[in-house]
Structure formats: structure tokens, C-alpha cells
Amino acid sequence: MTTTAPFPAPAKTVAEPAIVEAEHIGKVFHRDSFEVVALEDVSLTIARGDFVALMGPSGSGKTTLLNMIAAVDRPTSGTMRVMGQDIYRLNDREAARWRNEKIGYIFQTFNLIPVLTAAENVELPLLLSRLSKSERREHVETALRLVGLQDRMGHLPKQLSGGQEQRVAIARAIVSDPAILLADEPTGDLDRQSAAEVLEIMTRLNQEFRKTVVMVTHDAHAAGYAHVTRHLEKGHLQA
Amino acid sequence: MAIPITYNLRHLRQRPGATAMTAVGIALTVAIALFILALLGGLRQAFARSGQPLNVLVLRKGSTAEVTSTVTEQQAALLRTLPGIAKNAAGQPMVSPELVVVVSLPQRNGAGPNNVTVRGLGRIGRQLRPQVHLVKGRWFHAGQREVDVSQSVARRYRHAQVGGSIRFGQGQWRVVGIFAAGNTAPSSEIWGDVHQMQGDFQRQGVFSSVLLQAASPVEASALVRRVSSDQQLELHGIHEQAYYAQQTQSGAPIELVGWVVALIMAIGSCFAAMNTMYAAVAYREREIGTLRMLGFSRPSILGCFVLESLMLAVLGWALAVVAMLPLNGLTTGTMNNATFSEVVFQIKMTPTVLGWALAFALLMGLIGGLAPAWQAARREIVSALRA
Ligand SMILES: Nc1ncnc2c1ncn2[C@@H]1O[C@H](COP(=O)(O)OP(=O)(O)OP(=O)(O)O)[C@@H](O)[C@H]1O
Ligand SMILES: [Mg+2]
């Protein structure tokens, strides 16, 4: 985060270059003898600096689509360019490195490492960088300050509330200054107050820090924070 | 940089029961390995230090031990003339024909009689073994029924004290001195005049072996070759150090049984470690998925879990070392199969022994940890996160 200067909110009228270009993405899971079609012919373009809400009923393929953008899963068909990179051409190691640098992922269940403190959790992605220990510490502090938890550095996840845990998870997602934030129902496990805080932070990250945000949500109120809302229905992206 | 070690340390502490059980499982096996290694180390030291680098031992062709070897006076005289033999200050060749017999002596503590090696030798024989020195009394005189006993013989056998007399061969022998030999082979022996011994054991004109000292290491090897290749002599030469190293074979039975037990236990310990690590991997599926999502590669996940297993192994090793340390320096005896006499040696937890035990523990940790770690690394991110 420290390297990114705060920008003013982007004017929505300015045409931004596409950061995610999904073309005819299809995904079929094979479970035992039958097939589950999770995504079918999904084409989607997301502009840099956009804030997209992805809605749809359970099992409609939202998480699957998010995973496609994060290059943790491969489609059965179709292509995906993220920041100009054909991400399915990356091998395992390259994909890991790419995720580390370009993608921040926020889970519904926070997924903090329970044995590591807030600061240690946030530091994890930086361990893969070339930063020195003191530089890492600086970045960790900045990220935690941004989510308002600079005074909880030494706390273990179990010593934090759900809302605080999710904010630590957001700090972890942004600490290596990725261009894209992917959030899978980030407020799904939170009370209204905590959810509002998280959504405020996401908005700020989008507006002030120009992060492209793709957020899966069930909640229409949460989706209201986004610029665009897209609906998935049984693997099909609604127009 | 990899996943930090604190991650593993805290997880190990997180489940103290499983960690302790696994570590103890490894510790038991390592303790056995430590014991064998320390035992063999002491034994090897007792034998290997016994040999002087320039000394060459000559035995009858086909004999592997002094007690079963015979060398005639004529052969001994011939050996004396070989080139490359060192001379002492008085200009005498450093050649010692010796007679070695095994006798049975009553032990002090009332336990039954035990076999002890008796060596007949001359003044040169003592000069060939500079590690041996007198601690009490004096050396035996030639032509007298006198002997010197080693410290351990003095400690363990009845009447083996200066002024006392012990009975073997044709009768009583006066003990006139006690010698120390460090932890080397003579430290289990009784020494007397070689000619007196020949008479007593009706071995006139016959020795068991001849010990030579070469003038240089090169000449020592030349002497070994020369003696062994001479068809007429019907003798064979061996570096004294090599000879005593061979005698360590007498530890072979304990060694074999010990290693078989250790191996069986090691398999158990590997499975214990494997079980623990499989449980850890299953329990931490989501964490694995998360770490991968953050950009950690499959190899770093593999390394992380292997490391954790190795940490368990190191913990087990440390427990074993602490448990076994009281045995360090303990003196014990074993039968030398070649001489049918007892060899005294110390159980020594040397850094080398501890190092090998650590290697053994790490190997168990590695074997136990590899399969679970592999499974963790192979897991697809998506399915790990859905767990
Ligand atoms: N790894 C997998 N193996 C088999 N089937 C899967 C797998 N992942 C997803 N699916 C199936 O694909 C479909 C889409 O799943 P996905 O998780 O993307 O839905 P979702 O929209 O995120 O639902 P939810 O709102 O419940 O999280 C579902 O029918 C699901 O059962
Ligand atoms: Mg989902």
C-alpha cells in the first residue's frame, strides 16, 4: 500500500482499459459419474478501477468464476486475460507468483492462520517478496492502519471479533499492493455493523487506491456499494 | 522466503498431546540407536586406540587373532632381520615376540570366574606400547613369576593387587605392579615375562605373534606386504590399528540385535510421525488452501510440512539425549569373541554419536513426513478451500 499514492475517485465517465477479459468461459466439474456445469459461456469485461458486485443464488457459479480470475482453477473452455496476461498459460509456480503480486483474495470465512498474530498473518504475502524485515514491518503497519487495527498487531485471530478478523484479512489481501481485489461474500459471516465497516473499507480501497474490486454477495445492500452489479444464474451471466 | 518456522512451532505447541506422543515415539527409537552407537563408539575406541600407527602385527597365515596364532622362534628370528624396522635408543630392533593366552580368574564380587587375556612380552614389547604406563608398583622382572595387571583387572579380580598373587598356568604369580592403558585393549590384560609364560604353558619355542615397529608409515606398509607375500614365512602381517579395528567385530552380535530392534522400532516411529502429520494436514486443509491462494507454491507447502515432521524428530532426539545422558561414561565389559576374554570399555556419547543419532532421528522424521507433506502439496487450492 505504501507505494500507492492516494488517487481521487475515478470519474466514471472516463473509459478505463479492461483489466479482466473473460471470453466464453465454461467450467464442468466431474463428480463421480455425473457432470456439474458450474459456468457456461461466460464472457465478462471488467474495467480497471471498477467495483463489480457479483450476485446470484447458491450454486450459480460465483465462487467458481472468482477462482477463474484468481487462476486457482482452470476453465474447461474459454480464455481469460487478466491485466493483459493469458493466465491459464501460466504454470503452477508462475501462477502462484502472479497471485501473490496481482491478486488480493478475501474469503467469507476470513481464513486467517489461527496460530499467527494479526501482523504475522498480514506479513505472509510479503514473505514471498524481496522486502527486508523492516520494510515488511512498515508495510504491515500501513495495511493494518488502513483497516483501523494498528493497535491489534500482536493479537491472535481468536482474540479478535469476526469483523476485526475480516479487516485483518483485508489488510493481508492488500499488503502486497495488488491491482485486483477478489472478495467472496466478505460480509456473509458478519453482523450489520461489521459488514458496513468492511464495505466502507472496500469502497475506500476502490476509490482512493484505485483497486479493481470484484465482490460476490447475496446481499443487495452490499451490492449497492458497487458501481456495477452482475447476476449469475445456473452458470450463465445475465446481461 | 518460505512459510516461517514460527508457524510450525506454534502448531506443534497447539496440539501438545500429539506432539509429545510422537516425540516420545521417536525418542524411544533414538534412545536405542544412541545406546548402540555409544556402545560401539566406546568399543571401537578401546580397540582402535590400542594400535600404534607404525606397529605391524605378525600372525600365522590364516589366523585372525593372537590366541589362535603360532609363530616359531625361527620365524621370529627371520622377522628381526627385515628391513625398515625401527630401532630403539639402545640400537635394538623394535621387535617383540609375544605369547598370548586366556586364563580364567575368580572375580572379586563373588561372581563366577571370567576369562582374562595374559600377555607374555619383553622390555621391547612395552616400548612398542607407549600408551601403557605404570601407576603402582614396578614392572615384572624377566625370569620371575611376576606379573603386572591393568587397572580394570585390579578392580575386578580377586587378589589382583600389588603384593597379592593370582593363580594360572602352573601355579601362583606375584602381582608386582598395576598399569594404565587408557581405554585401549591392554587395559583388560595381564602382562608378564614371555619366556616365563612359555615355560608355564608348555609353549617352549613358540610365540603367538610378533609385534614390529616400522621406521616410517611407508615402511610399515612395506613390512605388511613383505611379510604377507613371503611364501616361505607362512605368516601374515597386518597394521596393528587394522587388527584392533577388526576385533571390534566382537561387538557385532550386540550391534546386530540392537540394530534389528532399532529398525523395527524405527518403522513404528515413522508410522507415528506419519500418522501425526497426516492428521495435521487433514486438520489444516483450509490453511493450506489459503497459503496457496496467497502465493505460496506447492514446494513451499511440501517443505513446510516436512519441516514440521523434522521438528518432531529433533524434539524426539533431544528427549532421547536427555534420557540417555546419565549413561555417558559408564564403564562396561564385553566378551571379545576373538580372544574369549573380556574387554573393558566406556559408553561414550561423543558429538559424533549424538550427530549420528540426530541423523537417524531426522531420517525417521523425513520418511514419516514426506507422504503427508506430499499430499498437502498436491491438494488443489479450490478443493482445499472447500474442505
Ligand atoms: N470442486 C468442485 N467439485 C465439484 N463440484 C463443484 C466444485 N466446485 C463447485 N462445484 C459445483 O459447481 C457449482 C457452482 O459452485 P460455486 O461454488 O461456484 O457456487 P456459488 O455461486 O459460489 O454458491 P454459494 O453461493 O453457495 O457459495 C455448484 O453446483 C457446485 O456444487
Ligand atoms: Mg460461493
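The values are calculated or read from the model by the stated rules, or taken from the named source; none is laboratory data. These numbers come from a predicted model, not from an experiment. Positions of Cβ are generated from backbone atoms using ideal geometry, with glycine treated the same way; all protein chains shown enter the neighbour counts. Accessible surface is based on the protein model in full, side chains and every heavy atom, while ligands, DNA and RNA are left aside. Shrake-Rupley method; radii C 1.70, N 1.55, O 1.52, S 1.80 Å.
The table below lists the values:
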item	result
All positions within segment A:38-79 that are hydrophobic (A, V, I, L, M, F, W, C), more than 18 Å from the chain's Cα centre (by Cα) and within 14 Å of chain B (Cβ to nearest Cβ)	A:Ala38, A:Leu39
Which listed residue, of A:Val213, A:Val140, A:Val168, is away from ligand 2 (no atom under 16 Å from the Cβ) and assigned to a strand (DSSP E or B)	A:Val213
A:Ala22 vs. criteria more than 10 Å from ligand 1 (Cβ to nearest atom), open to solvent by less than 20 Å² (accessible area, probe 1.4 Å) and part of a strand (DSSP E or B)	yes
Residue check, A:Leu190 out of contact with any Leu (no Cβ under 9 Å at 6 or more places or on another chain) and of a type in the set (A, V, I, L, M, F, W, C)	yes
Within segment B:10-35, considering residues that are within 14 Å of another protein chain (Cβ to nearest Cβ) and in a helix (DSSP H, G or I), the one nearest to B:Met265 (Cα to Cα)	B:Thr19
Filter pass, B:Gly163 being at positive phi and either in contact (Cβ under 8 Å) with a residue 40 or more places away in the chain or outside any loop (DSSP other than H, G, I, E, B) (or both)	no
Residue match in segment B:192-205 (condition: in contact with an Asp or Glu (Cβ under 8 Å, 6 or more places away or on another chain), in contact (Cβ under 8 Å) with a residue 24 or more places away in the chain and of a type in the set (Asp, Glu))	yes
From the options A:Leu199, A:Leu205, A:Leu149, residue that is closer than 30 Å to B:Gln14 by Cα, away from ligand 2 (no atom under 16 Å from the Cβ) and not aromatic (Phe, Trp, Tyr)	A:Leu149
Count of residues meeting criterion [under 15 Å from A:Gly104 (Cα atoms) and within 12 Å of ligand 1 (Cβ to nearest atom)] in segment A:50-64	1
Matching residues, segment B:33-90, being of a type in the set (Asp, Glu) and surrounded by 21 or more Cβ atoms within 10 Å (Cβ to Cβ)	B:Glu66
Residue ID - farthest from A:Glu123 (Cα to Cα), chosen from residues in segment A:160-174 that are open to solvent by less than 10 Å² (accessible area, probe 1.4 Å) and touching a helix residue (DSSP H, G or I) at 6+ places or on another chain (Cβ under 7 Å)	A:Gly163
Breaking point among (1) among the aliphatic types (A, V, I, L, M); (2) closer than 27 Å to A:Arg210 by Cβ; (3) open to solvent by 20 Å² or more (accessible area, probe 1.4 Å); (4) out of contact with any strand residue (DSSP E or B) (no Cβ under 8 Å at 6 or more places or on another chain), for A:Met83	(4)
Test set (1) within 14 Å of chain A (Cβ to nearest Cβ); (2) open to solvent by 10 Å² or more (accessible area, probe 1.4 Å); (3) among the aromatic types (Phe, Trp, Tyr) - B:Phe296 fails condition number	(2)
Residue list for segment A:112-135, restricted to those being charged (D, E, K, R) and more than 8 Å from every other protein chain (Cβ to nearest Cβ)	A:Glu123, A:Arg130, A:Lys133, A:Glu135
Condition broken by A:Lys234, with the remaining ones in (1) in contact with a Ser or Thr (Cβ under 7 Å, 6 or more places away or on another chain); (2) within 16 Å of ligand 2 (Cβ to nearest atom); (3) within 14 Å of chain B (Cβ to nearest Cβ) satisfied	(3)
Criterion: in a helix (DSSP H, G or I) and within 14 Å of chain A (Cβ to nearest Cβ) - qualifying residue of B:Gly268, B:Gly316, B:Gly303	B:Gly303
Long-range neighbours under 7 Å by Cβ, at least six apart or interchain, first residue within 7 Å of another protein chain (Cβ to nearest Cβ) within segment A:97-111, second open to solvent by 60 Å² or more (accessible area, probe 1.4 Å)	A:Asn111/B:Arg286
Scan of segment A:179-210 for residues that are of a type outside the set (Asp, Glu), open to solvent by 10 Å² or more (accessible area, probe 1.4 Å), assigned to a loop (DSSP other than H, G, I, E, B) and in contact (Cβ under 8 Å) with a residue 40 or more places away in the chain, ordered by number	A:Ala179, A:Gly188, A:Phe209, A:Arg210
